[in-house]
Amino acid sequence: MADRFALFLTRLRYGVISSFQDYRAMFTWRSWLFGWMLRLVSQVLFFASLGRLVGSVHTEQAIALGNAVVLGPLGALGVVSSCVGERRGGTLQFIVISPSSPFLVIASRGLYWVADGFLTSCTVLALLPLLVGFPMVWTALPLVLVIQALITLSGYGLALALAGVSLRWPEARMYLTGGSTILVLLLAGVNVAQPEQGPAALLAAVIPAGHGLTAIRAALAGHGVPIGSVLGELAVMLGWGAIAWAGMALAFRRSGRRLARLLG
């Protein structure tokens, strides 16, 4: 058992190292800070300006907070495109025939999307008092960061589930990420209140960020952390993770059979 766990950690470590090498190839610190980060700050300010247009400081700050938090799970959706890149780059076949778990390889190689989403969302959260005058409760910030990590991982579970679909239908990746982005922005309480009844409410209960955003808003309002909301976000993360594992297993099983026919 100890040897298997050590082997798991070794494979995970190399997957993480590989993922951050990919990320270094995408950005320099200048392009990340003055390109990517500036773009995300502008995005949050754009949506926050909608609250200012209706003449409500509270609405402006609430929308700014929601859009800062949602940067985490939306950033994690980048793994959908990177998985398609594995297929088009010819590395997917090597992942299929490798002795390691294909799901572990894909999940670990995409962790830079999680790190990016978490870092950018936390950075914008810390800038909210300067950007929109948000009354930040700094003593609650450690708990907020933990919840934000959970929200980002929840989004990563959804992203991996979508990646399993995109491995079979790579042309659908933009529709999958775009549609998921719209659903999260509409139903997670980012810009408007979460639906309370009907099919929309059921869907809102199973998408990333909804429960976690409720917990963060309560914590920053000084109302404490609602454990039910945190557990709800944890359930969403585990649920999407299980769906992602099952979907990836099916996708790689089919890829393995196709590769076997080619080699045979």
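The values are calculated or read from the model by the stated rules, or taken from the named source; none is laboratory data. Bear in mind the structure is a predicted one, so any value in this text is a computation, not a measurement. When we count neighbours, we look across all protein chains shown, and the Cβ atoms used for this are built from the backbone with ideal geometry, even at glycine. To get the accessible areas, we keep the full protein, side chains included, count just its heavy atoms, and leave off ligands, DNA and RNA. Shrake-Rupley method; radii C 1.70, N 1.55, O 1.52, S 1.80 Å.
The table below lists the values:
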quantity: Checklist (1) of a type outside the set (Phe, Trp, Tyr); (2) open to solvent by 30 Å² or more (accessible area, probe 1.4 Å); (3) at pLDDT below 85; (4) in contact with a helix residue (DSSP H, G or I) (Cβ under 6 Å, 6 or more places away or on another chain) applied to Gln21, failing item; calculated: (4)
quantity: Flag for Phe94 being open to solvent by 50 Å² or more (accessible area, probe 1.4 Å), assigned to a helix (DSSP H, G or I) and farther than 26 Å from Leu186 by Cα; calculated: yes
quantity: Residue pairs meeting the criteria (Cβ under 9 Å; at least 6 apart or on separate chains; first under 14 Å from Ala159 (Cβ atoms), in the range 226-241; second open to solvent by 40 Å² or more (accessible area, probe 1.4 Å) and part of a helix (DSSP H, G or I)); calculated: Val236/His211; Met237/Leu153; Gly241/Leu153
quantity: The lone exception for Ser100 - which of (1) in contact (Cβ under 8 Å) with a residue 24 or more places away in the chain; (2) assigned to a helix (DSSP H, G or I) it fails; calculated: (2)
quantity: Within the range 46-70, tally of residues that are of a type outside the set (Gly, Ala, Ser), more than 14 Å from Pro129 (Cβ to Cβ), open to solvent by 10 Å² or more (accessible area, probe 1.4 Å) and in contact (Cβ under 8 Å) with a residue 40 or more places away in the chain; calculated: 3
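Matching residues to (1) open to solvent by 20 Å² or more (accessible area, probe 1.4 Å); (2) free of Cβ contacts under 8 Å to residues at least 60 places away in the same chain; (3) not aromatic (Phe, Trp, Tyr):
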residue: Ser108; (1), (2), (3): no, no, yes
residue: Pro129; (1), (2), (3): yes, yes, yes
residue: Ile151; (1), (2), (3): no, no, yes
residue: Gly157; (1), (2), (3): no, no, yes
residue: Leu167; (1), (2), (3): no, no, yes
residue: Arg173; (1), (2), (3): yes, no, yes
residue: Gly178; (1), (2), (3): yes, yes, yes
residue: Val184; (1), (2), (3): no, no, yes
residue: Pro195; (1), (2), (3): yes, yes, yes
